[in-house]
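Rule-based calculations on the coordinates, nothing more; no lab input. None of the values given here were measured: they were computed from a predicted structure. Here the Cβ positions follow ideal geometry from the backbone for every residue, glycine too, while neighbour counts run over all protein chains shown.
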Amino acid sequence: MEKQTGAQQGGPLTGIRVIDLSAVVSGPFGTSMLADQGADVISIEQAHAPDIVRQSGALVDSAQGVSAMWAALNRNKRSVALNLKDERGKELILALIRDADVVVQNFRPGAMERLGLGWDVLHALNPDLVMCSVSGFGSDGPYSHRPAFDAIVQSVSGFPMVQIDDDGDPKLMATIVCDKVTSLNVAQSICAALVARSLGHGGQHVEVAMVDASIHFLWPDALWNHTYVDHQTDTPDLSKVCSLFRTADGWAMIYPLGTDAQWQSLCRALDRPDLATDTRFADLHGRITHGAEINTELEKEAVKFTTVDLVQLVEEADVPAAPVNTRDQMIADPHVQYRDIVQESLHPTAGRIRSARSPALFSKTASTHTRHAPLFGEHTDAVLTELLQVSSDELSTLRSEGVIA
């Protein structure tokens with residue numbers, strides 16, 4: 001692909017420092033986006049309890065706690081291991097926050113206050129601070145005390161019932177969608193708060209709850225029959241309209257919900273004039289309403305072709321279509337390759353690793369991959385020396401007494 005020209009290396013958030021007290025996914029994936037865009041993200045792990053993601057998913061012994069998932073969520077960050085329950089650890093974190101721009105945390109509601117690190121304390125310490133508190137169910141309400149993992153939030157938000165199968169059984173999304181969509185809101189809301197600060201509004205506290213973000217994400221299409229309060233509708237879900245079609249040698253996706261012209265072109269390409277003149281399918285609303293009937297007809301046609309031939313035929317008719325890639329095929333897909341979406345880097349313990357590059361391409365302030373995902377406490381000494389001028393003798397004492405790791 002054409003590379004970004006005239007770009008300043010470092011990213012648009014260069015100069016912004018983030019103290020990341022969050023763990024697992026909902027906070028760290030969001031802060032990784034900030035790190036990709038140039039922010040100095042310092043991940044604070046508990047001295048005696050590394051983030052559980054270090055042991056989640058694919059992991060080889062030689063990687064020393066850098067699991068595949070950890071590598072994806074924590075590149076471009078620095079890791080500092082502190083004991084926040086020790087007063088000296090608390091003093092160190094407060095000293096780091098004093099000159100920081102952003103703090104992110106996803107402890108259960110009330111935990112930061114019990115640690116003496118609540119918003120009132122931090123705002124008094126640093127009035128320009130942006131603090132983002134991430135939780136499963138928010139700081140109040142009947143579920144606020146509950147532990148929250150992705151499958152739990154999916155269930156409360158309604159995702160499994162949207163994924164209902166042909167037997168009527170609900171199914172979880174096969175990815176941690178609630179964690180990840182929350183992370184998108186974390187990154188965006190922090191940037192919005194930084195813009196507000198630049199406009200003279202000072203620091204502020206931002207709350208992002210997984211259940212809030214998940215329902216917001218699900219609503220536009222999955223809840224369209226619950227939008228009109230004064231009118232009852234029964235439009236089929238997109239899952240009943242958009243389908244994958246078995247071909248002679250695999251699977252393909254043909255999209256019947258484009259423009260009326262594209263629908264007519266699809267019917268001509270498949271030599272189905274009867275579908276082109278069927279009044280049920282004449283407009284987009286009709287094709288959504290009668291999507292199941294369309295899918296039945298397209299299933300009959302798709303099996304007559306190989307995947308390659310079907311996609312080529314339909315694309316030549318200017319109708320959206322695609323092969324259904326396996327994971328390996330996605331990585332090797334010529335468009336993915338051309339766009340340089342999947343990149344390789346060399347990690348000091350994990351070896352060569354693949355990751356998806358930051359999706360936003362900035363014309364002047366390019367995102368960069370400058371740091372590998374850190375080992376546990378890899379940057380404790382360097383950060384405390386650089387930012388707080390802690391001496392080597394002090395570091396030795398703090399480490400021997402379990403304040404740092």
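Only one item in (i) 189; (ii) 121; (iii) 207 matches volume of the Cα convex hull per residue in Å³ derived from the coordinates shown, and that item is (i).
GLN337 to ILE164: FRET efficiency via 1/(1 + (r/R0)^6), r the Cβ-Cβ distance, R0 30 Å, to the nearest 0.05? Computed FRET efficiency for GLN337 and ILE164 comes out at 0.25.
Look at the dipole of segment 254-405 built from charges on Cβ: of LEU266, SER396, LEU310, the Cα furthest out on the positive end belongs to SER396. Pairs of alpha-carbon atoms within less than 8 angstrom and 6+ residues apart define the contacts here; what relative contact order does segment 145-233 have, in percent? Computed value for segment 145-233: 28 percent relative contact order. The dipole here belongs to segment 103-217: it is taken about the Cα centre, uses +1 on the Cβ of Lys and Arg and -1 on the Cβ of Asp and Glu, and is about 380 debye. Note on ASP120 and ALA192: the model spin-label points, each 7 Å out from Cα along the C-beta direction, lie 2.7 nm apart.
Applying a DSSP loop filter and a limit of 16 other Cβ atoms within 10 Å to the trypsin sites (Lys or Arg not before Pro) in segment 1-96 leaves LYS3, LYS85. When only the Cβ of Lys, Arg, Asp and Glu is charged (+1, +1, -1, -1), the dipole of segment 251-323 relative to its Cα centre reaches about 100 debye.
Exposure proxy for MET131, MET210: other Cβ atoms within 10 Å of each Cβ, ordered fewest to most, give MET131, MET210.
Taking other C-beta atoms within 10 angstrom as a stand-in for reagent exposure, ILE176, ILE215, ILE19 fall in the order ILE215, ILE176, ILE19, fewest first. Taking a straight Cα-Cα cut-off under 24 Å and skipping sequence neighbours fewer than 8 places away in the same chain, the lysines within cross-link reach of LYS90 are LYS77.
Using the alpha-carbon atoms, what tilt in degrees (0 to 90, nearest 10) does helix 177-196 show relative to the longest principal axis of the chain? So the helix axis and the longest Cα principal axis differ by about 60 degrees. Shown is the FRET efficiency for THR397 and SER62, computed with R0 = 35 Å from the Cβ-Cβ distance and rounded to the nearest 0.05: 0.65.
For the chain, the Cβ-based charge dipole about the Cα centre amounts to some 920 debye (Lys, Arg positive; Asp, Glu negative; other atoms uncharged). Taking other Cβ atoms within 10 Å as a rough exposure proxy, CYS242, CYS178, CYS267, CYS132 sort from fewest to most as CYS242, CYS267, CYS132, CYS178. Once both labels are positioned 7 Å from their Cα atoms along Cα-to-Cβ, the gap between THR233 and THR175 label points is 2.6 nm. For a straight C-alpha distance cut-off of 23 angstrom, the lysines reachable from LYS300 (same-chain residues fewer than eight places away being disregarded) are LYS240. Our summary gives the chain a relative contact order of 23 percent, counting only alpha carbon pairs under 8 angstrom and 6 or more residues apart. The helix-based estimate of mean residue ellipticity at 222 nm for the chain, built from -39,500 (n - 2.57) per DSSP H run of four or more residues and divided by its residue count, is -10500 deg cm²/dmol to the nearest 500.
Cβ-Cβ distance of LYS85 and TYR255, R₀ of 51 Å, FRET efficiency by 1/(1 + (r/R0)^6): the value works out to about 0.40. Here LYS304 is the anchor, and the aspartates and glutamates within straight C-alpha reach of less than 13 Å, apart from those fewer than 8 places off in the same chain, are ASP249, ASP271.
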